[in-house]
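Attaching a single structure in structure tokens format; questions to follow.
The values are calculated or read from the model by the stated rules, or taken from the named source; none is laboratory data. What you are looking at is a predicted structure, and each value in this text was computed from that prediction instead of being measured. Counting neighbours? That spans all protein chains shown, and the Cβs are built from the backbone with ideal geometry, glycine included. For accessibility, only protein heavy atoms count, side chains too; no ligands or nucleic acids. Shrake-Rupley method; radii C 1.70, N 1.55, O 1.52, S 1.80 Å.
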Amino acid sequence: MKPTDTSHPDYYHKVVDCQWGCPAHTNVPEYIRLIANGQFSDAYMLNRESNVFPAILGRVCDRPCEPACRRRRVDEKPVAICRLKRVAADHRDDITDRLPTAPEQKNGKRVACIGAGCASLTVANDLVPMGYEVVIYEALDKTGGLMRTNIPAFRLPGKVLDEEINYIVDMGVDLRLNSPVNSMQALLEEGYDAVFVGSGAPKGKELNLPGRDAADRIHIGIEWLESVAFEHLDSIGEKVLIIGVGNTAMDCCRTSLRLGGKDVKVMARKPREFFKASDWELEDAEEEQVEIVINHSPKEFVIKEGKLVGMLFEQMEYDIDENGRITDSRVTGEKFFPCDDVILAIGQENAFPWIERDLGIEFDQWDVPAVDATTFQSTRAGVFFGGDSAFGPKNIIWAVEHGHQASISIHNYCQKRELTDRLPPTMNLHSTKMGIHEWSYSNDYNPASRRQMPHVELKKRFKKINIEVELGFTLDQVITEVERCMNCDVQTAFFDKLCIECDACIDICPVDCLTITHNGSEQDLRQRLSAPAENPEQDLFVSGDLPHTGRVMVKDEDVCVHCGLCAERCPTGAWDMQQFKLDIPFAEDHQ
Amino acid sequence: MSYISKPVARHPGQKKNSLGLTARDYEGGMSTLCAGCGHDSITAALIQAFFELEVPPHRVAKLSGIGCSSKTPAYFLSASHGLNSVHGRMPSIATGANAACSDLTYVGISGDGDSLSIGLGQFAHAMRRNLNMLYIIENNGVYGLTKGQFSASADIGSKSKRGVPNRFEPIDPVLTAIAMGGSFVARSFSGDKQQLVPLIKAGMAHKGFALLDIISPCVTFNDHDGSTKSYKYTRDNFTEVTHADFVPPAQEITIKYDQGSVQPVTLHDGSRIYLRKIAEDYDPSDRSSASAYIQSHQEKGEVVTGLLYMNSDAPDMHATNQTVATPLRDQDYSVLCPGADALKALQHGYR
């Protein structure tokens with residue numbers, strides 16, 4: 001293998017699994033260290049740089065960082081990254097004077113954003129401080145989009161939403177509530193310099209089965225959640241069936257329990273390993289005694305005398321191969337489940353009935369707009385898409401990242417520069433060495449297991465619909481959980497010319513990730529290391545030829561715990577623990 | 001010296017031996033030696049060898065004297081027996097322990113000061129008796145613990161850190177061992193585990209005194225230009241004359257050799273050493289020619305390594321003394337001390 005090029009930010013960035021896994025590349029280890037240091041406001045502000053909504057995301061983020069977390073490969077459970085974000089948000093001081101502000105002198109450019117959800121708000125957050133005039137059109141009488149209408153208040157209280165959204169609105173956004181955009185053409189005629197579509201994926205999927213049109217107790221999940229959020233609905237029947245087993249289904253079943261549902265069942269077509277819902281959302285629903293019924297495929301809504309009495313399901317059996325894929329399925333029988341209400345939570349789509357099809361904005365055969373994956377521009381110059389409206393339903397953190405990237409494009413567009421004229425991320429590395437065996441980070445591995453989030457007692461939480469179930473970590477839990485983070489951003493930097501091949505680093509490494517050996521192909525090297533490198537997703541670091549023997553130092557990044565003992569045991573300073581900081585360019589950096 | 005202890009986290013694919021132990025279960029405390037000390041690599045090689053030999057830790061006794069080397073037993077096998085003796089007196093303690101408990105595996109860790117200066121007399125007599133133990137000398141040519149004075153193994157002309165050359169004749173542990181009746185004599189280098197680990201295993205399986213002289217650079221006081229025991233010098237002048245592969249009893253041989261170039265030696269416990277000659281003219285079974293070879297090549301500045309002399313048939317101390325098969329520790333008190341009448345009868349026999 002060729003010597004690894006660690007001068008490209010991607011190599012070390014990839015080692016920080018959480019940051020690499022986060023669409024917005026939030027600097028997770030650094031904010032966890034700030035929390036450990038009691039600097040909650042600083043931790044909050046660092047979060048806000050990249051993810052804009054730390055308090056919201058600290059509760060409801062889809063947390064792609066956690067499955068990626070190296071701790072998971074070392075002791076099964078990842079660091080509770082998401083909940084630590086909430087800790088930073090819960091304990092922050094008033095940070096309003098640290099927020100960006102709009103300049104007195106505007107730059108004369110006007111940008112329209114459609115929808116007051118996370119994508120549009122991120123665009124406003126990035127562009128208003130640069131002097132842009134941003135107008136947000138919102139159909140409803142409240143901001144937040146799906147964050148407010150689809151996420152129940154017992155998971156995300158309205159107060160938390162208001163606070164973080166107002167940080168942005170108060171910068172001087174021209175927010176127009178109750179202002180649905182019914183015609184793109186009309187909007188374009190208003191002469192905005194750029195238009196950003198952040199209208200989400202507001203259309204719940206329909207289930208066209210016999211009986212669908214004959215009863216009024218069949219609800220579309222996201223519409224039903226919205227009605228609950230706006231208090232248009234405050235009750236449901238005792239027996240409720242939820243169709244689908246994604247995160248919306250989890251919100252629907254738990255909401256049903258709070259509106260009078262006594263026997264709530266989530267009906268899944270496939271076995272558990274195919275569920276779309278996040279593990280933690282499934283756990284929370286099951287804690288509330290929701291029954292999840294697997295291998296039942298909906299067949300018919302059963303109507304008697306014009307009234308929904310239940311649903312008929314086909315009982316399924318699947319053949320699953322060793323790769324976990326379904327190879328065959330068959331129906332083994334039928335079963336009737338009585339119910340008062342059915343909620344359909346089988347997915348959602350973006351829908352643009354308000355965009356005229358002769359404006360140069362192209363749509364594909366599924367009515368999804370053609371959007372460039374880097375610039376987020378549609379096929380019409382100056383019209384951009386982001387969030388769920390761009391590529392279909394994803395999640396909040398992706399929408400935020402889309403917002404950041406679209407902001408760069410909008411800025412370039414308004415300044416008459418190429419949209420692809422985008423700054424690459426850069427990095428900074430500095431040694432954390434403080435003494436012979438002292439480092440500026442906590443390198444002592446803490447074997448503690450993941451802390452369990454305390455919940456409001458089952459008996460109490462159903463009294464009102466908006467009692468937040470998660471209480472947040474206690475002080476002791478925070479102290480332990482922050483120490484579970486292994487500081488993966490403190491990199492093992494190796495200087496081959498200094499190595500005397502004494503083996504000290506190899507001998508001390510607790511997880512056998514180092515080897516000095518003769519060079520070879522990657523496939524060959526992976527088999528010849530102190531412990532075979534069997535995770536192809538994790539890179540091998542390969543040094544240049546070592547001075548004494550011409551062999552190479554190889555590091556398998558997979559389970560390195562960043563304890564720094566290789567550097568402590570190195571007599572020549574060939575290893576150093578260097579803190580990596582990724583600098584991500586935002587719109588304001590493209591001045 | 002690190003302030004933290006070694007993280008308990010382990011590689012998820014770490015292998016277990018037939019006792020259900022991983023290599024990490026053979027570790028000891030954190031080393032307090034200098035970073036980069038060769039001794040720590042020897043510790044790692046010992047851990048590897050014990051793990052691969054599947055030795056139950058409680059069946060091992062670690063013994064040492066005084067010095068940097070003699071600290072190392074604290075860094076491996078924390079679940080075994082051990083005794084840290086007076087300077088240079090480890091061989092006597094080992095002899096006594098071995099006399100009473102003949103069925104433990106004895107590993108003595110010593111240094112060039114402990115064995116070749118203050119303890120030379122004890123060292124010689126343990127070999128003379130062919131005591132059944134593995135005796136490791138972690139040889140760095142200096143007194144590291146007292147800031148780098150030359151030891152008895154320093155070569156003539158080797159320079160101290162301040163540039164002063166050594167003028168005294170060195171004592172070579174390997175040549176001494178061959179002369180004194182050591183029945184297994186080997187030399188290796190802390191920086192070459194591929195050679196070292198099989199030698200440790202073979203030395204432990206050998207019934208008799210197994211001397212393993214390991215060049216173990218002192219990274220603080222003897223790793224500079226002009227030193228003949230530095231990492232660089234040892235690597236540049238390393239001359240392997242034989243390579244030993246060790247195969248434990250009842251394990252199939254997977255290594256393929258050209259017939260004729262390999263000499264298999266079966267040990268008392270059924271394990272085998274496959275001795276591959278690298279230097280054509282070297283004969284590890286002939287005491288006098290081996291000595292002459294080592295001496296002449298050392299004069300040329302070569303560090304001759306490998307299994308250098310072996311006699312698997314030499315009787316060990318228990319065989320020579322015709323002791324009972326059951327260790328004295330396990331004998332009934334009435335057998336060990338048969339009483340006043342028996343003593344009287346014995347004394348009567350000498351009158």
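Pick out the one residue from A:Asp126, A:Asp90 that is open to solvent by 10 Å² or more (accessible area, probe 1.4 Å) and outside the structural domain of A:Tyr167 (by TED's automatic domain parsing).
Criteria check complete, one pass: A:Asp90.
So, in segment B:67-92, of the ones that are on the phi > 0 side of the Ramachandran plot and of a type outside the set (A, V, I, L, M, F, W, C), which residue ends up farthest from the other protein chains (Cβ to nearest Cβ)?
From segment B:67-92, those on the phi > 0 side of the Ramachandran plot are B:67, B:77, B:88; that's our starting set.
Restricting the remaining residues to those that are of a type outside the set (A, V, I, L, M, F, W, C) gives B:67, B:88.
Working: B:Gly67: 19, B:Gly88: 27 Å.
Restricting to residues being on the phi > 0 side of the Ramachandran plot and of a type outside the set (A, V, I, L, M, F, W, C), the top hit is B:Gly88.
Can you pull out the residues in segment B:201-247 that are part of a helix (DSSP H, G or I) and buried (at least 22 other Cβ atoms within 10 Å of the Cβ)? Steps first, answer last, please.
At the first step, the residues of segment B:201-247 found to be part of a helix (DSSP H, G or I) are B:201-205, B:231-237.
Correct list: B:Lys201, B:Ala202, B:Gly203, B:Met204, B:Ala205, B:Tyr231, B:Tyr233, B:Thr234.
Could you tell me which residue of segment B:22-35 is most open to solvent (accessible area, probe 1.4 Å), considering only residues that are more than 9 Å from chain A (Cβ to nearest Cβ) and closer than 29 Å to A:Gly573 by Cβ? Explain how you work it out, then say what you get.
Applying the first criterion (more than 9 Å from chain A (Cβ to nearest Cβ)) to segment B:22-35 yields B:22, B:25-29, B:32-33.
Checking which are closer than 29 Å to A:Gly573 by Cβ leaves us with B:27-29, B:32-33.
Numbers: B:Glu27: 36, B:Gly28: 27, B:Gly29: 40, B:Thr32: 59, B:Leu33: 8 Å².
Of everything passing the filter in segment B:22-35, B:Thr32 is most open to solvent (accessible area, probe 1.4 Å).
In addition: Can you tell me how many residues in segment A:35-56 are touching a helix residue (DSSP H, G or I) at 6+ places or on another chain (Cβ under 7 Å) and part of a helix (DSSP H, G or I)? Spell out how you get there, then give the answer.
Of the residues in segment A:35-56, the ones touching a helix residue (DSSP H, G or I) at 6+ places or on another chain (Cβ under 7 Å) are A:35-36, A:40, A:42-48, A:51-56.
Cutting the leftovers down to part of a helix (DSSP H, G or I) gives us A:35-36, A:40, A:42-48, A:51, A:54-56.
Total satisfying the criteria: 14.
Another question about this same structure. Out of the residues in segment B:44-66 meeting the condition of being open to solvent by 10 Å² or more (accessible area, probe 1.4 Å) and within 12 Å of chain A (Cβ to nearest Cβ), tell me which one is nearest to B:Ala244 (Cα to Cα).
My answer is B:Gln48.
Out of (1) in contact with an Asp or Glu (Cβ under 9 Å, 6 or more places away or on another chain); (2) not in a loop (DSSP other than H, G, I, E, B), the odd one out for A:Gln405 is which?
Status for A:Gln405: all satisfied but (1).
May I ask you to list the residues in segment B:24-50 that are more than 22 Å from A:Cys499 (Cβ to Cβ) and under 17 Å from the mean Cα position of the chain (by Cα)?
Kept after step one, since they are more than 22 Å from A:Cys499 (Cβ to Cβ), are these residues of segment B:24-50: B:24-30, B:32, B:46-47, B:49-50.
Answer for segment B:24-50, where residues must be more than 22 Å from A:Cys499 (Cβ to Cβ) and under 17 Å from the mean Cα position of the chain (by Cα): B:Leu46, B:Ile47, B:Ala49, B:Phe50.
Another question, if that's okay. Hey, can you tell me all the residues within segment B:158-177 that are open to solvent by 80 Å² or more (accessible area, probe 1.4 Å) and touching a residue at least 24 places away in the same chain (Cβ under 8 Å)?
In the first step, residues of segment B:158-177 are kept if they are open to solvent by 80 Å² or more (accessible area, probe 1.4 Å); the result is B:159, B:161-162, B:167-169.
Residues satisfying the conditions are B:Lys159, B:Lys161.
Among the residues of segment A:26-37, is any more than 14 Å from every other protein chain (Cβ to nearest Cβ), on the phi < 0 side of the Ramachandran plot, among the basic types (Lys, Arg) and open to solvent by 40 Å² or more (accessible area, probe 1.4 Å)?
Looking only at segment A:26-37, we keep the residues that are more than 14 Å from every other protein chain (Cβ to nearest Cβ), and these are A:26-37.
Checking which are on the phi < 0 side of the Ramachandran plot leaves us with A:26-37.
Cutting the leftovers down to among the basic types (Lys, Arg) gives us A:33.
Next cut, open to solvent by 40 Å² or more (accessible area, probe 1.4 Å) only: A:33.
The answer is yes, given that some residue of segment A:26-37 is more than 14 Å from every other protein chain (Cβ to nearest Cβ), on the phi < 0 side of the Ramachandran plot, among the basic types (Lys, Arg) and open to solvent by 40 Å² or more (accessible area, probe 1.4 Å).
Which members of segment B:117-133 meet the condition of being open to solvent by less than 20 Å² (accessible area, probe 1.4 Å) and under 19 Å from B:Leu267 (Cβ atoms)?
B:Met127, B:Asn130, B:Leu131, B:Met133
Mind checking which residues of segment B:6-21 are in contact (Cβ under 8 Å) with a residue 24 or more places away in the chain and more than 10 Å from chain A (Cβ to nearest Cβ)? Break it down into steps so the answer makes sense when it comes.
Residues of segment B:6-21 that are in contact (Cβ under 8 Å) with a residue 24 or more places away in the chain, as a first pass: B:6, B:17-19, B:21.
Within segment B:6-21, B:Asn17, B:Ser18, B:Leu19, B:Leu21 qualify.
Moving on. Given the options A:Val245, A:Val228, A:Val197, name the one that is of a type in the set (Val, Ile, Thr), crowded, with 16+ Cβ neighbours inside 10 Å and under 30 Å from A:Gly131 (Cα atoms).
Numbers: A:Val245 fails: under 30 Å from A:Gly131 (Cα atoms); A:Val228 fails: under 30 Å from A:Gly131 (Cα atoms).
Just one listed residue meets the conditions, A:Val197.
Would you mention how many residues in segment A:408-441 are open to solvent by less than 70 Å² (accessible area, probe 1.4 Å) and not in a strand (DSSP E or B)?
Residues flagged as open to solvent by less than 70 Å² (accessible area, probe 1.4 Å) and not in a strand (DSSP E or B) within segment A:408-441 amount to 13.
If B:Pro165 satisfies every condition in (1) over 20 Å from B:Tyr106 (Cβ atoms); (2) modelled with pLDDT of 95 or more; (3) within 12 Å of chain A (Cβ to nearest Cβ) but one, which is the exception?
Answer for B:Pro165: the failing condition is (3).
One line per residue, one yes/no per condition, for (1) touching a residue at least 60 places away in the same chain (Cβ under 8 Å); (2) over 19 Å from B:Met127 (Cβ atoms); (3) more than 14 Å from chain A (Cβ to nearest Cβ):
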{"position": "B:Asp213", "(1), (2), (3)": "yes, no, yes"}
{"position": "B:Phe246", "(1), (2), (3)": "no, yes, yes"}
{"position": "B:Pro249", "(1), (2), (3)": "no, yes, yes"}
{"position": "B:Ala292", "(1), (2), (3)": "no, yes, yes"}
{"position": "B:Glu302", "(1), (2), (3)": "yes, yes, yes"}
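Could you list, in sequence order, the residues of segment B:260-282 that are of a type outside the set (Gly, Ala, Ser) and more than 24 Å from B:Met204 (Cβ to Cβ)? First the steps, then the outcome.
Taking segment B:260-282 and keeping what is of a type outside the set (Gly, Ala, Ser), we get B:262-269, B:272-278, B:280-282.
Answer for segment B:260-282, where residues must be of a type outside the set (Gly, Ala, Ser) and more than 24 Å from B:Met204 (Cβ to Cβ): B:Glu280, B:Asp281.
If you scan segment A:133-177, which residues turn out to be over 20 Å from the mean Cα position of the chain (by Cα) and at positive phi?
The one that is over 20 Å from the mean Cα position of the chain (by Cα) and at positive phi: A:Gly172.
Look through segment B:134-154, keep the residues that are open to solvent by less than 50 Å² (accessible area, probe 1.4 Å) and modelled with pLDDT under 95, and return whichever of them is farthest from B:Gly208 (Cα to Cα).
Initial filter on segment B:134-154 (open to solvent by less than 50 Å² (accessible area, probe 1.4 Å)): B:134-142, B:144, B:148, B:151-154.
Narrowing further to those that are modelled with pLDDT under 95: B:144, B:148.
Details: B:Gly144: 30, B:Gly148: 33 Å.
Ranking the candidates gives B:Gly148 first.
Could you please give the count of residues in segment A:299-327 that are hydroxyl-bearing (Ser, Thr, Tyr) and exposed (fewer than 12 other Cβ atoms within 10 Å of the Cβ)? Outline the logic, then answer.
We begin by selecting, within segment A:299-327, every residue hydroxyl-bearing (Ser, Thr, Tyr); these are A:318, A:327.
Of the ones still in play, those that are also exposed (fewer than 12 other Cβ atoms within 10 Å of the Cβ) are A:327.
Final tally of qualifying residues: 1.
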